[in-house]
Amino acid sequence: MTTYPRSMRVTIGGTGIRWLEWGREDAPAILCVHGSFGVAESFARFAEHVCADYRVIAPDLRGHGQSDWVDEPGGYAPAAVAGDIAALVRCVGLTAIHLVGLSLGGLVACEFARLQAQQLRSVTLVDIAPALAPKAQAGLRAGFNYPRSFASLDAALAWASPDDLWTEGPALEDDLRSRLRQVDNGRWMWRADERFFAPANRALWFGAPEQFWLILERLVQPIMLMRAGRSPLLSDACVMAFAARVREPRVVTLDDAQHSIPISHPSAFAREVIAFVSGIR
C-alpha cells in the first residue's frame, strides 16, 4: 500500500523551502537530501519502507523542485544551501537526526555537519565522497551535460535510459516526472535553476574537496559510505581515501545498483540504512 507524504513549506530568510514528511512526528528522524536536479520525491520509495518506525523528512533544496530559486550572489554556495537545512531542522523542532545525502546531497550533509554537528546522530553518504573518480571529477567541474529541455517525456526517458547515473523501468519514468515540468510550449524542463550549476558554483561544490574531507575527519558521529556498483562516480581509490580519513568508517557496496540508489534499489537501500542507524545509541 502506498504511503502518501505530508507536503510542507516554510520561508527561511526570505527563501521558501518545501519538504515532504512520512511517519510519526515522535519517531527517530532521518533527514534525506537529494542530489543535483533532484527533488524530495527521490526518497519516496525509501520512506515507504521505513516510515512505520522512522520519521522521514526530505526537502527540496533551494533552486530545486518546489522550493524557491534565489538571485543573490552566493545564494547557491554550500553554506547557503546547508543553512536552509539547518534552519529547517530548527523549524520542525528536531534535536537529533540521522542525515542521508545522495550525490550532491552528501556534500550538503558535510556542510550541515560543519554548521550543526551537535544535532547529528549519523551521516550516510550515498555514492558520493569529497573526491570522486578522476573522470567524474573533471566532468562535474566542466559542467553537467544535461539537455535544458525535452520535446516529450519519452525523449527524456530515451536520454536517461542508457546512463548508469539513472535507474531503469517504471521507476525511471516516475523519477523523471517528479524532476521535470511541462511548460506552456509543451516541452519538458527541469525543476531546477540552471544557475545552481554555473561554473562559479560548481567550483565551490566540486573544486575544493579538501574542505569536505576536513569536515568528515573532525566528525565523531558514525559515517557510512554507500557505493553503487554500477556508478562511475566512486573509484576504489575514493573508497580507500574515505576509509583512511574518517573515524570508524563503514562502507557498503550494492553491486547491481546505479547512482540513484534510493530510486533504483529502495528496498536494499532501506535495509542498509536501517541496519546502520538502528545500531546507534
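Sub-6 Å Cβ pairs linking a first residue in region 116-138 that is of a type in the set (Lys, Arg) to a second residue that is surrounded by fewer than 21 Cβ atoms within 10 Å (Cβ to Cβ), at least 6 apart or interchain, are Arg121/Ala96; Arg121/Ile280, ordered by first then second residue. Name the helices (runs of 4 or more DSSP H) wholly inside region 41-152 in which the number of residues that are within 27 Å of Glu173 (Cα to Cα) and out of contact with any Ser or Thr (no Cβ under 6 Å at 6 or more places or on another chain) is 2 or more. In region 41-152, the matching helices (runs of 4 or more DSSP H) lie at 44-50, 104-116, 134-142. A single member of Leu94, Leu102 is closer than 19 Å to His259 by Cβ and either out of contact with any strand residue (DSSP E or B) (no Cβ under 8 Å at 6 or more places or on another chain) or among the hydrophobic types (A, V, I, L, M, F, W, C) (or both), and it is Leu102. Restricting attention to region 151-189 and to residues that are at pLDDT 90 or above and touching a Pro at 6+ places or on another chain (Cβ under 9 Å), the residue that is farthest from Asp68 (Cα to Cα) turns out to be Ala155.
Residues checked against (1) at pLDDT 95 or above; (2) in a loop (DSSP other than H, G, I, E, B); (3) at positive phi:
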site: Ala200; (1), (2), (3): no, no, no
site: Ile215; (1), (2), (3): yes, no, no
site: Arg227; (1), (2), (3): yes, no, no
site: Pro232; (1), (2), (3): no, yes, no
site: Val252; (1), (2), (3): yes, no, no
site: His259; (1), (2), (3): no, yes, no
site: Ala268; (1), (2), (3): yes, no, no
site: Ala275; (1), (2), (3): yes, no, no
site: Gly279; (1), (2), (3): no, yes, no
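The values are calculated or read from the model by the stated rules, or taken from the named source; none is laboratory data. Only a predicted model underlies this, so the values are computations on that prediction, with no experimental measurement involved. Please note: Cβ atoms are built from the backbone with ideal geometry, for glycine as well, and neighbour counts cover all protein chains shown.
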